[in-house]
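Here's the structure we're looking at; comments come further down.
The values are calculated or read from the model by the stated rules, or taken from the named source; none is laboratory data. Fair warning: this is a prediction, and the values are worked out from it, not measured in the lab. Methodologically, a virtual Cβ is constructed for each residue, glycine included, from the backbone with ideal geometry; neighbour enumeration extends over all protein chains shown.
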Amino acid sequence: MSIMKKILIVEDDREIAELERDYLEASDFEVVIEEDGSKGQVAALSGRFDLVILDLMLPHIDGFNLCRRIRTKLDIPVIIVSARQTDIDKIRGFGLGADDYMTKPFSPGELVARVKAHLSRYAQLKGEGGAVVKRLACKDLVLEPDSRRVFCQQREIHLTNREFEILQFFMENRGIVFSRERLFERIWGIDALGDSATVAVHINRIREKIEADPAHPYYIETVRGAGYRFCNA
């Protein structure tokens, strides 16, 4: 018998939170709701949850700060759900370590699908049921899947969980061109759900961390009209 996964929802709109809870419980998740950032932080950092669904506009501690505090302590999926739709909010959320960003209104069924996909992906990253690759390298860039560490010119680079997944996928598939839509499907594990523009945001952040000149990248190339390709040197 599989262990029921525990989901924390931090959302000050009770109606939305209860709708999310109902759909998740119907899919056999255990769900707890907290309505402000302070209580959400205490619950999240207790280590009792497998995934956090996080609103941004929260009393006491906003969602951005809560996401940052969760990420510094825990390695679990964090999904931001917010009515704020600007690119700068999405970029900030991903930069603080969020794994996904959904804009309201959204389908509760889509939320459940994303929750399942993120939990499945995290299980794979933790090595459940698969062989472990010890080391991937290209020029001065080294990625260690088992320890989840990245080094560039012998200096450790700190990536978010999603950035690490994208870079690992590229390094395992050198020289192959992937469209944004294909990357979204392969990395996020969800076919035809969500915004593939999210991929571009993550790739730009990875470039800022690993490229000597992000405006003229060496490792992750843009193939005009087609997508992205990792160098095959």
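Within the set of pairs 6+ apart or on separate chains, which have a first residue in region 94-108 that is more than 12 Å from ASN161 (Cβ to Cβ), a second that is surrounded by fewer than 20 Cβ atoms within 10 Å (Cβ to Cβ) and not small (Gly, Ala, Ser), and C-beta atoms under 6 Å apart? Pairs found: THR103/GLN85; PRO108/LEU19; PRO108/TYR23.
Of the set (1) at pLDDT 90 or above; (2) surrounded by fewer than 16 Cβ atoms within 10 Å (Cβ to Cβ); (3) part of a strand (DSSP E or B), all apply to ALA137 but (1).
For region 43-53, indicate whether the set of residues that are without any contact (Cβ under 8 Å) to a residue 60 or more places away in the chain and under 18 Å from GLY109 (Cα atoms) is non-empty. Checked region 43-53: at least one residue is without any contact (Cβ under 8 Å) to a residue 60 or more places away in the chain and under 18 Å from GLY109 (Cα atoms).
Comparison of VAL10, VAL31 shows that the only residue that is in contact with a helix residue (DSSP H, G or I) (Cβ under 7 Å, 6 or more places away or on another chain), under 22 Å from THR198 (Cβ atoms) and buried (at least 18 other Cβ atoms within 10 Å of the Cβ) is VAL10. So for region 157-179 (the condition being over 26 Å from GLY227 (Cβ atoms) and charged (D, E, K, R)), does at least one residue qualify? No: zero hits. Do we have any residue at all in region 201-218 that's out of contact with any helix residue (DSSP H, G or I) (no Cβ under 6 Å at 6 or more places or on another chain) and at pLDDT below 90? Within region 201-218, not a single residue is out of contact with any helix residue (DSSP H, G or I) (no Cβ under 6 Å at 6 or more places or on another chain) and at pLDDT below 90. You will find that of ASP75, ASP87, the residue that is loosely packed, with under 15 Cβ neighbours inside 10 Å and more than 18 Å from TRP188 (Cα to Cα) is ASP87 and no other.
Taken together, ILE3, ILE9 contain a single residue that is modelled with pLDDT under 95 and of a type in the set (Val, Ile, Thr), which is ILE3.
Only a single item in (1) of a type in the set (Asp, Glu); (2) on the phi > 0 side of the Ramachandran plot; (3) assigned to a helix (DSSP H, G or I) is not met by GLU25, and it is number (2).
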